[in-house]
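The next block holds one structure in the form of structure tokens; read it before the comments.
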Amino acid sequence: MKAGDTMVRTVTVRAEGLRAMMIPEPDFTAPQGVRLYRQDPSLSEETDRNGQSIAGLRKDVASYLFQDAGNYVLPAVTVSWFDPASAKTQSATAPAVSVTVSAAAALSPALAPPAPEPQRDAFDWLHLALIGGIVLLTASSLWVAANGLSRLEAWWQERRSRERQSEPAFFRQVEQACKSGRDDAIARALDAWSRKAGAMPLELWLGRFADAETKQVYQAWQRTRYASQQASQPLGAGLLLPGLKKAREAWLMQETEAPGRKPALLPLNPTMP
């Protein structure tokens, strides 16, 4: 690879007996001098002939932009989870990747002017030097413009990536899901947002910031959604969303008033009603 090239890294996680939206998010990092751009994950389900879910599939794609020449090691990507069968934390790792990047090819120098033939009129060296200077200046300007556009594009991609991975973007997905009224979409959006915001388990987070009515609506929806031999009923946009917005506002206000303070860790195994 050469300086300025981009390498794409794809990590696919397959979890038997687990829905795709419940698969933990892999941790991608990049060494110094390498820019990292992540795409939105792709979630899907593997089913049998009867349409029953067998395993969840999550595919994450990350692009690494190497700005300078050198030897780099892309860190290993690890996914950890709690195995209820062994009551231990298990992990799977995609190995580290070594990359050697060479310097970008330099611009070809301008050709030297030909030597004047004997017994001919004097060659206009000043005119040739002027033309050569214009050509060199044009080439330099094009190179600077191309390099500037490349940096501008990289900056724009990085900004869009940060916006797509921000907490407000994940909460907008929650709002859209609640307005659609689909339970599966609401559950996926709530899970993704709560992981991004660190509001896990969500029920205990609601217990700190939501009002009593919102907590009752969420608990009733959970009981209906996971009750055996009973179909889930759609959750109307006017039930959970307004209370969830108020709870988020209270949470954001607390974060603003106490910047840098990390909240206490919530229990790993909450008791469901």
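A short reminder: the numbers here are calculations on the coordinates, not readings from a lab. Since the structure is predicted, the reported quantities are computational estimates derived from the model, not experimental observations. Ideal geometry is used to build each Cβ from the backbone, glycine not excepted, and the neighbour counts take in all protein chains shown.
Label point of Val8 set 7 angstrom out along Cα-Cβ; within region 29-43, amide nitrogens under 17 Å from it belong to 36-43. Alpha-carbon geometry of region 37-106: the Rg and the Dmax are 18.4, 60 Å, given in that order. Neighbours of Gln176, meaning other residues whose beta-carbon lies under 12 angstrom from its beta-carbon, give a summed charge of +3 when Lys and Arg score +1 and Asp and Glu score -1.
Between Lys245 and Asn50, the simple spin-label model (points 7 angstrom out along Cα→Cβ) gives 4.4 nm.
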